[in-house]
There are 2 protein chains.
Amino acid sequence: MSSNVSVKRLVSSQADFSQQLDTLLAWESVSDTAVNEAVTDILHQVKHQGDKAVMAFTERFDHLHVEDFSSLEMTQERLKQALDGLPAEQRAALERAAERVRSYHEKQAQGQGSWEYTEEDGTLLGQQVMPMDRVGVYVPGGKAAYPSSVLMNAIPAKVAGVEEIIMVVPTPHGELNELVLAAACISGVDRVFTIGGAQAVAALAYGTETVPRVDKIVGPGNIFVATAKRMVFGAVGIDMIAGPSEILVVCDGKTNPDWIAMDLFSQAEHDEDAQPILVSWDKDFIDQVEASIQKLMPTLEREPIVRVSMAERAALIQVKDLDEAIEVTNRIAPEHLELSIEDPKAVVSRIRHAGAIFMGRYTAEALGDYCAGPNHVLPTSGTARFSSPLGVYDFQKRSSLIMCSADGASEMGKIASVLARGESLTAHARSAEYRIKG
Amino acid sequence: MSSNVSVKRLVSSQADFSQQLDTLLAWESVSDTAVNEAVTDILHQVKHQGDKAVMAFTERFDHLHVEDFSSLEMTQERLKQALDGLPAEQRAALERAAERVRSYHEKQAQGQGSWEYTEEDGTLLGQQVMPMDRVGVYVPGGKAAYPSSVLMNAIPAKVAGVEEIIMVVPTPHGELNELVLAAACISGVDRVFTIGGAQAVAALAYGTETVPRVDKIVGPGNIFVATAKRMVFGAVGIDMIAGPSEILVVCDGKTNPDWIAMDLFSQAEHDEDAQPILVSWDKDFIDQVEASIQKLMPTLEREPIVRVSMAERAALIQVKDLDEAIEVTNRIAPEHLELSIEDPKAVVSRIRHAGAIFMGRYTAEALGDYCAGPNHVLPTSGTARFSSPLGVYDFQKRSSLIMCSADGASEMGKIASVLARGESLTAHARSAEYRIKG
């Protein structure tokens, strides 16, 4: 029988609570020099040698040898075959999830279109909103290959109106994940290449003879992928650089402690660095959750991972009251926030920073991960302070519209002239002055 | 008398036009190893030694010695004094520009708020939109200190509802720019520190004893600032990394060629790397613009800069017709696009990529730079393919809202269970299954 796991306890009334919290949350993803150098070299080679370099790196890193680059592309027929080959229950669940994700993101797109207004003198101002032309979706291979991630990355792009979605997924030793291919089929992914790592990011960012250059790359990956994304940012758009996943559960002590323990585990099972935190003002309840943790731990399939995450990164935090729980929440700016309390609607507007807010005792994070509709690609490691869930807006961009009437240009020309001369930009001033009425 | 400048001519019917265009547009901002190492060191020192390190770097790079960090902060009284000290005409122009910028961004904010909807079973889905808490605005010192940039960066943040705006501006040898301070006053900037470079970026990203940590850093800077921003991205949000400014003028040949030449100059006078391009299907008109360029060049205050930019980076491109002009435009994805044609409204929806679109013969880019209302912080170097003008949305972030009813959780629990088991995430599955009705 396995021994109990020791989970950190923090109490907000302790003098060094703030410092303890800082230590708990400290996380730095470091691309060391070796990774930086390797990725720099891969990007350079793919940029200048295209397909040939991608094939060579795929052989070296994924142990996948092909004679011709075309063997690294999957046909739409193959995707359809994966979908048709699924057990009926899995297929139905995947399709239902895709429907709900699509429906939510269609709501999100509403009111996000172009707008304009005309001023009294006839001058028109506004903004034109357009989808990106082509987007790349990175899907990790191996154990972290999640079909749900394909839905969450590809569907918002399609809803935004992106014409072409290119998916890359490494298949080490040629090993394919049928669920991932089926999800690509359902999401309307246009082309799939079985390539991965920094070489796939480079191919998408710069384009090769076969892989078309995209406008933005989204999707999670390992440290090589994350480093490559950071480096190509500017040549191409990227989504956020994801850190380990975290959940913060705020509970009033009236939810079944087994439920809360399992909610924490559902985060912990992702990987050893995942961070599950419970905040409550009910000390007895925290004890009950801890008992549930010890009781349920041995029943988990992924116990070895969960055990490390719970011991190293988890915490049970006792606060004074709901107000302090909200304060701690805003300080943490969690990726996932469960408000397992009686009246979550009453407090949600006081949550300033959180990727997704799961309200009420029934709303397990796992429902949002798969099928509630909102995106499961969320800002980690406190970046909810300044980032948003992946959404339709991530696949659109805007152009300002300015159309001055003759009168408008004349009046604005006077202002621009004064300001431009104040900045010693006299060609600006003269360009504006040409439009001032004589 | 100065000699004529030789401006590149491209003709779309030439066999190697596409290649010539690639060469013309090629631009890579390279942070070399020396810059990377210097910035890495500065970030490290400021992160660990705070105020002390910032003071030391300010002394070393800006030749500004202070005994106490508080001397590096400007008071609100000092900002007000700068505003009150302006000539009446300048003050009025600055205030009028600020009003127009505010008014446009208030329109932009409309319809960008929180939303939610309820499904038949009572499940609530939506998104909560919140401003960031605190934002840093970087303002370059010396010759590139533009008061208009202060307005363009700070006002959208204020309109978004950001509580505190921290401005940093280097003052080499203690030299202050009164117009910049006045613009800070008008924009409602909350605190101003006279620091700059990578040390200012580090102070904003990590916080020091005196400088509060911000959630996002916006504003242009030199290669040290840009490199620092790229490195702190993740700890803090950043805006885009700006390249040299560019303008693309599409003209049907019926605008005064002097106007067009001056519009090109207004871009060229920014710096030697700035890129002004004219596209027209009227060869005679291109000749006329070239004649205007030669005629007006000697009359420019910033002739030495303009001359380099026009010779090295400018181009006059002759295309077949309007359709091909639009094609070239979308390929270039310009920061600024002037549609100096008879009916710009008829074609604007075919412009897929551009930072800002200036429509009609009266709408000089310079009007948009200062006072039309839309932001002048725009995506450069073709990044309009995936980026937008700076806007209110850059200072907001979103949280997904999910509140499942008991029925909703039960139905969704079934779907999530199947998918989680398909991904071998069984704690996810069990967390969802707890919510399935018995």
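The values are calculated or read from the model by the stated rules, or taken from the named source; none is laboratory data. Given the structure is predicted, the values throughout are model-derived calculations rather than measurements. All Cβ positions, glycine included, derive from the backbone under ideal geometry; neighbour counts span all protein chains shown. Heads up: the accessible areas ignore ligands, DNA and RNA and are worked out on the full protein's heavy atoms, side chains in. Shrake-Rupley method; radii C 1.70, N 1.55, O 1.52, S 1.80 Å.
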What's the number of the only condition in (1) within 14 Å of chain B (Cβ to nearest Cβ); (2) open to solvent by less than 30 Å² (accessible area, probe 1.4 Å) that A:GLY196 fails to meet?
(1)
Enumerate the pairs (first residue in the stretch A:346-365 and at the interface with chain B (Cβ under 7 Å from one of its Cβ atoms) and touching a residue at least 60 places away in the same chain (Cβ under 8 Å); second residue anywhere and open to solvent by 20 Å² or more (accessible area, probe 1.4 Å) and of a type in the set (Ser, Thr, Tyr)) with beta-carbon separation below 9 Å, excluding pairs fewer than 6 apart on the same chain, so at least 6 apart or on different chains.
A:ALA364/B:TYR434
I'd like the full set of residues that are under 19 Å from B:ALA364 (Cα atoms) and among the acidic types (Asp, Glu), limited to the stretch B:302-345.
B:GLU335, B:GLU338, B:GLU342, B:ASP343
Can you find even one residue in the stretch B:95-118 that is more than 12 Å from every other protein chain (Cβ to nearest Cβ) and closer than 30 Å to A:GLN110 by Cα?
yes
For B:LEU337, state whether it is within 7 Å of chain A (Cβ to nearest Cβ), of a type outside the set (Phe, Trp, Tyr) and buried (at least 24 other Cβ atoms within 10 Å of the Cβ).
no
Just give me the residues in the stretch B:221-260 being farther than 22 Å from B:VAL35 by Cα and facing chain A (nearest Cβ under 9 Å), in sequence order.
B:ASN256, B:ASP258, B:TRP259
Taking first residues from the stretch A:35-47 that are of a type in the set (A, V, I, L, M, F, W, C) and second residues anywhere that are surrounded by fewer than 17 Cβ atoms within 10 Å (Cβ to Cβ), the pairs with Cβ under 6 Å that are 6 or more apart or on different chains are A:VAL35/A:ILE223
Scan the stretch A:244-261 and give yes if some residue there is in contact with a Pro (Cβ under 6 Å, 6 or more places away or on another chain), touching a residue at least 60 places away in the same chain (Cβ under 8 Å) and closer than 30 Å to B:ALA242 by Cα, otherwise no.
no
Between A:GLU433, A:GLU423, which is surrounded by fewer than 24 Cβ atoms within 10 Å (Cβ to Cβ), acidic (Asp, Glu) and at the interface with another protein chain (Cβ under 7 Å from one of its Cβ atoms)?
A:GLU423
Hits in the stretch A:379-395 (condition: open to solvent by 10 Å² or more (accessible area, probe 1.4 Å), at the interface with another protein chain (Cβ under 7 Å from one of its Cβ atoms) and in a loop (DSSP other than H, G, I, E, B))
A:PHE386, A:SER387, A:SER388
Among the basic types (Lys, Arg), within 10 Å of another protein chain (Cβ to nearest Cβ) and part of a helix (DSSP H, G or I): is that true of B:ARG91 in this structure?
yes
In the set A:ARG361, A:ARG398, A:ARG331, which member is in a loop (DSSP other than H, G, I, E, B), charged (D, E, K, R) and modelled with pLDDT of 95 or more?
A:ARG361
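Yes/no matrix, rows are residues, columns are (1) closer than 27 Å to B:ASP369 by Cα; (2) in contact (Cβ under 8 Å) with a residue 12 or more places away in the chain; (3) open to solvent by 20 Å² or more (accessible area, probe 1.4 Å); (4) not in a helix (DSSP H, G or I):
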{"residue": "B:LEU24", "(1), (2), (3), (4)": "yes, yes, no, no"}
{"residue": "B:TRP27", "(1), (2), (3), (4)": "yes, yes, yes, yes"}
{"residue": "B:VAL54", "(1), (2), (3), (4)": "no, yes, no, no"}
{"residue": "B:PHE57", "(1), (2), (3), (4)": "no, yes, no, no"}
{"residue": "B:VAL66", "(1), (2), (3), (4)": "no, no, yes, yes"}
{"residue": "B:SER70", "(1), (2), (3), (4)": "no, yes, yes, no"}
{"residue": "B:ARG78", "(1), (2), (3), (4)": "yes, yes, yes, no"}
{"residue": "B:LEU83", "(1), (2), (3), (4)": "yes, yes, no, no"}
{"residue": "B:ARG96", "(1), (2), (3), (4)": "yes, yes, yes, no"}
Test result for A:SER309, open to solvent by less than 10 Å² (accessible area, probe 1.4 Å) and farther than 30 Å from A:GLU106 by Cβ:
yes
Name every residue in the stretch B:138-158 that is at pLDDT 95 or above and open to solvent by 40 Å² or more (accessible area, probe 1.4 Å), in order of residue number.
B:LYS158
Suppose we keep only residues that are at pLDDT below 95 and exposed (fewer than 14 other Cβ atoms within 10 Å of the Cβ) within the stretch B:106-137. Which one would you say is farthest from A:ALA356 (Cα to Cα)?
B:GLN110
Please go through the stretch B:200-214 and give me each residue that is touching an Asp or Glu at 6+ places or on another chain (Cβ under 9 Å), open to solvent by less than 10 Å² (accessible area, probe 1.4 Å) and not small (Gly, Ala, Ser), ordered by number.
B:VAL211, B:VAL214
